[in-house]
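Read through the structure below, which is laid out as structure tokens, and then see the notes.
The values are calculated or read from the model by the stated rules, or taken from the named source; none is laboratory data. Fair warning: this is a prediction, and the values are worked out from it, not measured in the lab. Cβ placement follows ideal geometry from the backbone for every residue including glycine, while neighbour counts extend to all protein chains displayed.
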Amino acid sequence: MNNSIERVLISEEKLKEIVSEVAQKINSEFGDEEVLLVIILKGSIVFATDLMRKLDMPVMIDFMQASSYGAGTQSTRVVNIKLDLKADIEGKNVILIEDIIDSGNTLRNLKAMLLKRNPKTLRICTLLDKPERRETEIEPDYVGTAIPDEFVVGYGLDYNENFRELPYIGVLSRHVYE
């Protein structure tokens, strides 16, 4: 294990189980209806890739990148869209794919923005949920697992663009970021 990782929170094997469980729920809801996965970059790409391979319906993908952070480390609560969808989502089944939800501020704003584009359905799917950090009323439709309020990396999640390649979710040692 990487010496910057305090401990493994979710193993590679457990991640595979979680992805399969989330995919089953999506498959149950949509059957063979086409869905558009809107992958929120960059952290959710690994989760989204594994998830889409488990879905039974026709799947289209598109990408968004958004931030609610200015030059500092505190959220401004104003969403800055760095990359918007290329696809027209009107009348489509849309699932926003997120790696982790904590405050919920960015996701709440993204959801409101996308609802104005008149999708048939709009669902939120997250691998990890930190409900105790929620600052806004936003509840995901599909949740891989809830986690404690710890700084996690791996499986696409990063700290300063590092650790995305880890095949597990690990708790980052404090000495790395303090």
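Contact annotation: residue pairs with Cβ atoms under 8 Å, 6 or more positions apart or on different chains, pairing a residue in the stretch 97-121 that is in a loop (DSSP other than H, G, I, E, B) with a partner that is among the polar types (S, T, N, Q), are S103/S75; S103/T136; G104/T136; P119/N93; K120/N93.
Could you look through the stretch 10-62, keep only residues that are surrounded by 15 or more Cβ atoms within 10 Å (Cβ to Cβ), small (G, A, S) and without any contact (Cβ under 8 Å) to a residue 60 or more places away in the chain, and pick out the one that is farthest from N160 (Cα to Cα)? Checked the stretch 10-62; the qualifying residue farthest from N160 (Cα to Cα) is A23.
Restricting the stretch 33-45 to residues that are part of a loop (DSSP other than H, G, I, E, B) and modelled with pLDDT of 95 or more leaves a set whose member that is nearest to the chain's Cα centre (by Cα) is S44.
Matching residues to (1) basic (K, R); (2) within 25 Å of D50 (Cβ to Cβ); (3) exposed (fewer than 13 other Cβ atoms within 10 Å of the Cβ):
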{"site": "K111", "(1), (2), (3)": "yes, yes, no"}
{"site": "N118", "(1), (2), (3)": "no, no, yes"}
{"site": "N160", "(1), (2), (3)": "no, yes, yes"}
{"site": "F163", "(1), (2), (3)": "no, yes, no"}
{"site": "I169", "(1), (2), (3)": "no, yes, no"}
{"site": "V176", "(1), (2), (3)": "no, no, no"}
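Within the stretch 126-133, is there a residue that is of a type in the set (D, E, K, R), within 14 Å of the chain's Cα centre (by Cα), assigned to a loop (DSSP other than H, G, I, E, B) and within 21 Å of V35 (Cα to Cα)? There is no residue in the stretch 126-133 that is of a type in the set (D, E, K, R), within 14 Å of the chain's Cα centre (by Cα), assigned to a loop (DSSP other than H, G, I, E, B) and within 21 Å of V35 (Cα to Cα).
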